[in-house]
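Asker: Quick one: the structure is below, and I'll ask about it shortly.
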Amino acid sequence: MSLDVSVGPDRAAAPAPRWRRRLWRAVTVVFALVVAVAVGRALAGQDWSVVAVLLGRRDGVEIGLLLAGAVAAATVGPLLGMLSWRAILLELGPPVSRTRVLRVFFVGFLAKYVPGKVPGVVAALKVATANGVTLPRMLVSGTLSTLLVHLTGLTVGLLTGARVLGDRAVWLALPAVPLVVAVCWPAGLGHVTRLVLRLLRRPEPARSVSGRAVRVAVAWQTLSWLVSGLHLWLLAVAMGAAPVPALALCVGAFGLATVVGVLAVVVPDGLGVREAVLSGALALVLPVPSAVAVAVASRLVTTVGEVVLGGAALAVVELVHRRSSASDAALPKEMNGAQVDRT
């Protein structure tokens, strides 16, 4: 069974004029500086005082290990989410190299910190087209991935919903229904995607996404939520929560709170909404002041994890890309030299 939501062929662009390449390099440098400043402001705007609160709870080495583990979980989680998005993207058109896929993803990943959102989105789309991914392909993969992120996040929230919401937790089972339908009947996502593209007045896709790709994407995204939620558990343990009872509660609460925060579009980045949901859940295993401190620390840790992941990944990817480009450029010269020697 396949999901008929793919895009048309990605055409190779003709070499751009020299002035356009120079202009693009200048824009890239400016964008990188803007992102660096925006990320710096985001980090500076975090409440770092919660680190002192955590350090005052236990032995410094023990707290340091728990904090390092929390940052590691917050770093690996989004990387697994990238694999979910990649599973869909690669089904929607011609093959794209791993390096180019990573460039597209992590530029968009860090672009969300750019004030105003629109410049970041435009830059991410420009990078995508420059790396062989067409706009319709980005729209389809982005739409499907966002839908799966929300559905899997709310479904993982079932781990904590019963304890937080009681009988009302039955409403959290509703997102699991379309998720099961998406896994069993991927063509249903195709209808949703075509509707979105029609509303955006974008061309409809021509290739299809297999049911296997949808199931792989769901599996990676679910694993992403489970791993990301471990950072909240480690922070709760650092504040004195009992490890076993807090595990499922924290993992589920993070997925639930993050999606609820994103859906609260009137609040930037779900600020306050996410912390309120987390505090309510954590209050079941911690005193209220400690629960609030962990909720605030979660925002700090996830921001640091994203910055570490995005910055390191882009640095490595650009280094690999430059070396690959240099090797490709040197190859014709070596071939020409060999021809001269033979003559």
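Bear in mind that the values in this text are calculations on the coordinates, not laboratory data. As the structure is a computational prediction, the values presented were derived from the model and not from experiment. Cβ sites come from the backbone with ideal geometry, for glycine too, and all protein chains shown count toward neighbours.
Asker: Taking neighbour Cβ counts within 10 Å as the exposure measure, how do 318, 91, 275 sort from fewest upward?
Answerer: Exposure proxy ranking, most exposed first: 318, 275, 91.
Asker: Net charge within 11 Å of residue 102 by Cβ-Cβ distance, Lys/Arg positive one each and Asp/Glu negative one each, not counting residue 102 itself?
Answerer: My count for the surroundings of residue 102 gives +3.
Asker: Can you tell me the order of 291-304, 249-262 when each peptide is scored by its average per-residue count of other Cβ atoms within 10 angstrom, highest first?
Answerer: 249-262, 291-304
Asker: 7 Å from Cα along Cα→Cβ at both residue 284 and residue 90: what's the point-to-point distance in nm?
Answerer: 3.8
Asker: Fewest to most neighbouring Cβ within 10 Å: what's the order for 247, 151?
Answerer: Fewest-to-most ranking of 247, 151: 247, 151.
Asker: Stokes-Einstein D for the range 206-323 at 10 °C, 1.306 mPa s, Kirkwood Rh over Cα pairs, in µm²/s?
Answerer: Translational D for this selection: 100 µm²/s.
Asker: Report the extension gain between residue 276 and residue 312 in nm, rounded to one decimal, defined as 0.36 nm multiplied by the number of residues separating them, less their alpha carbon distance.
Answerer: 9.8 nm
Asker: Here's something else I'd like to know. In Å, the Kirkwood hydrodynamic radius of the range 51-321 over pairs of distinct alpha carbons?
Answerer: One over the average 1/r among Cα pairs gives 19.4 Å for the range 51-321.
Asker: Cut-off is 10 Å between beta-carbons; in what order do 150, 191, 231 appear when sorted fewest neighbours first?
Answerer: Least crowded to most crowded, the residues run 191, 150, 231.
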